[in-house]
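Just so it is clear, none of the values below were taken in a lab; they were calculated from the coordinates. These figures come from a predicted structure and were not determined experimentally. As a convention, Cβ positions derive from the backbone with ideal geometry for all residues, glycine included, and neighbour counts pool all protein chains shown.
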Amino acid sequence: MVLAVVFTVYFLLLTVFEMLSSMNFWIGGGSPMNVFVLGTVTATCLKGLVVKKDSYLVAATLIASSFSILMILTYLATGDFSFGILGVVATPYAIKKLK
Amino acid sequence: MTLLPLSALREGQGGRVVAINGGRGCTVRLMSMGIVPGKKVQIAGRRGGAVLVSLDGTKFVIGRGLAMKVIVDAGKEG
Amino acid sequence: MVGNPNVGKTSLLNALTGGNFSVGNFPGVTVEKKEGVATINGKKFIFVDLPGIYSFETESLDEKVTRDYLIKEKPDMVLNIVNALNLERNLYLTLQLTEFEIPMIVVLNMIDEAEKEGISIDAKKLSKILGTPVVKTSAVREQGIDELKREILKGGRIPKSFSGSLEEIVRMAENIAKEVVKVEKVDRVIEEVLDEVFMDTHLGIPIFLSIMWMMFVFTYSVAEPFTELLGSLFDFLATYIASFDGWLFSMLGDGVVAGVGSVLSFIPNIAFLFLFLSLLELSGYMPRAVFLVDGFMSRFGLNGRSVISLIMGFGCNVPAILATRSIEDGKVRIATTLVNPFMSCSARLPIYVLFAGMFFPENGSVVIMSLYLIGVVIALISALILRKTLLEGESEFIMELPPYMLPNPKELWLMTWVRTKHFIEKAGTVILGMSIVVWYITNYPGGSIETSYAAMLGKALQPVFSPMGWSWELVLALITGFAAKEVVVATISVLNVDVASVMTPHQAFAYMLFTLLYMPCVATIAAIRAEIGTRWAVFAVSFSFLVAYVISLIATGVGLWF
């Protein structure tokens, strides 16, 4: 459960950062759709926290890690940075749970 | 005994298939997927259009049109 | 190799042949055929993976292909791959296969998964009942493969005959399953965990949209360096060839290489899209997504599967149309393909930017957004109209939710490659012809575009568009935009037209609407033709032209009131 709180807060922060960056407040390049994806991850974590079920956390981290891999590829291909990259920290948890 | 089309069942509700009310084509299609009279089915989810049916541990998505042709006995709950 | 869908036939083929297999099509149909070679004890065996089917009773293409193969090619042996998780239902096909009187081996695949779920199967008893060898395997973990190879060397046995009507077969299967299967507990852990979230009432749709966005990013952003590389390579080649004197070099360079190149540079996008789509299909997510959006889509006569294609259309209609392949229902597939060009692709954006910037400097983004929305609305309405008229018929579908799994990289690669190759072959020829035509009419007889046949065509066709009040230059731009929509902007700049002086804002809006809706570009037409045939491609061109004309006429008319 502690992990659920940590992930929820972490992805909430990433969502906010991505939102600021998409509105060009800070460093540009974020996109509203990336905000949407991170927001979905946050919401999924949050629902897991509310209904007290691990399954939501597993799915959320799975999405977050796929998204981070994709954002890393995008960064390599086009140079656009997204805070989605930082979602990579969720990968070990997703892999461990899916094994 | 309450006879209803599969599409009219609520989420979570179960029943036993009684008949398939359709042409040969759709009967065969449903039967070869294991939806046969006598089988117990349960609605695992529904969202406007298609229904999610679980049967013997396998889940199927069945379009509304097809789900209307499957007649189930929803028992006392219906 | 014959079996139901999702029983791990491809993994088994992979395990038997050590990855030495190829994917092609059965002659004359777009059903994928996988073939592999293995040498067992010095003997050479060719394995053919037939399409996954549930029975021989319905008239689907897959079943016809399988039946024809068994009757005409007379294989030496049938490996009937059975999903151990669901023996009873898989037995329908097994029992029907006994009628062919071909030596058979029954392979109980995914046995490890079954054991994990407390299902145990008495293989000896099953073997006795059917009269064929029965082997337990787990193709993914490469268990039981050696035993299977031993049985293959023995050649299998002709099974006892279990012919009967489907009703009788169903009863027999039920009885056999009762005898050989023992179930202790049934709970599918990972399926339940992921399904609960992926099909959640509130989160299901946002998760689906997130995945769609990821597909979009993967197809367009990640593939960008490759697209640019190919694009500049073809540009270089085209200029280089055209720099030689003579009409032949001009045709080869500016016509053939430039035209074909501009389309071939889509290939990275297409390959990346197919990779992602194959991943979605093989991982088992696709049928879940179909369930999620079916309610909304069925209101417009489409079904859940259409949504992926329509969303892809925002990027480029070509890969989007190829994505309709996953729609089984023929009529829904045609309708989805036909309305796809109304989804505003990225090539149309430069046109909007040019006109919106000039005529609506204050609220350009609102204007552009409204064009995208109008496109979606018209696509959905047209789909509804098509399904009520030309493509009438109820969409009845049933789809099994397969277990989630990590796709085999080899299979993923082959699936992507075969589909990409199909596009290159089919689209290539059409595009070649069209690029020569476009090159010819923009260069002859005068050598410059102002005095070319294209210009004459523009002037000749201008009266058609006089109700909208567009000048011949604008009409010409539309004609060249037929090759690729981004060319519209290029043509306007080549012709040096001061757009602001020849039209009013409402005319400009009508013009933008027209470019949004009018006939799809050459590549898209080629894709439509490759997927659903020449007649529908002709229909798509005339239908979209008609819609575009009517809508922009209405827009011009409405604009006049202000």
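Quick notes
- Nearby lysines by direct alpha-carbon distance to C:LYS485 (threshold 23 angstrom, same-chain neighbours under 8 apart not counted): C:LYS426, C:LYS459
- Under the simplified labelling scheme, the A:VAL50-C:VAL376 pair shows an inter-label distance of 2.5 nm, with each label point 7 Å from Cα along Cα→Cβ.
- Segment C:49-129: GluC sites (Glu not before Pro) in DSSP loop, at most 15 other beta carbons within 10 Å: C:GLU59, C:GLU101
- Net dipole in debye of chain C [+1 Lys, Arg Cβ; -1 Asp, Glu Cβ; about Cα centre; nearest 20]: 900 debye
- Distance from the Cα centroid of segment C:234-263 to that of segment B:1-37 is 62 Å (rounded to whole angstrom).
- In this structure, C:TYR240 and C:LEU384 have a Cβ-Cβ separation that, at R0 = 45 Å, corresponds to a calculated FRET efficiency of about 0.35.
- DSSP bridge analysis restricted to the protein assembly as shown gives an antiparallel fraction near 80%, rounded to the nearest 5.
- Note on C:MET456 and C:LYS154: their simple-model spin labels are 8.0 nm apart, each label 7 Å out from Cα toward Cβ.
- Under the convention that each Lys and Arg Cβ holds +1 and each Asp and Glu Cβ holds -1, the size of the dipole of the protein assembly as shown around its Cα centre is about 1600 debye.
- Computed FRET value (nearest 0.05) for B:LEU4 with C:ASP76, which takes r as the C-beta separation and R₀ as 41 Å: 0.25
- Relative contact order of segment C:403-553, defined on C-alpha pairs under 8 angstrom at six or more residues apart (%): 21 percent
- Those lysines that a straight Cα-Cα span of less than 19 Å connects to C:LYS410, excepting residues fewer than 8 apart in one chain: C:LYS9, C:LYS33, C:LYS34, C:LYS421
- Remark: relative contact order (chain C) = 10 percent; criterion is Cα-Cα distance under 8 angstrom and separation of 6 or more residues.
- Share, in percent, of DSSP beta bridges within segment C:2-185 that are antiparallel, nearest 5: 60 percent
- Take each residue of peptide C:298-308, count the partner chain Cβ atoms within 10 Å of its Cβ, and average: the result is 2.
- Each part reduced to its alpha carbon centroid, segment C:530-562 and segment B:43-74 end up 39 Å apart.
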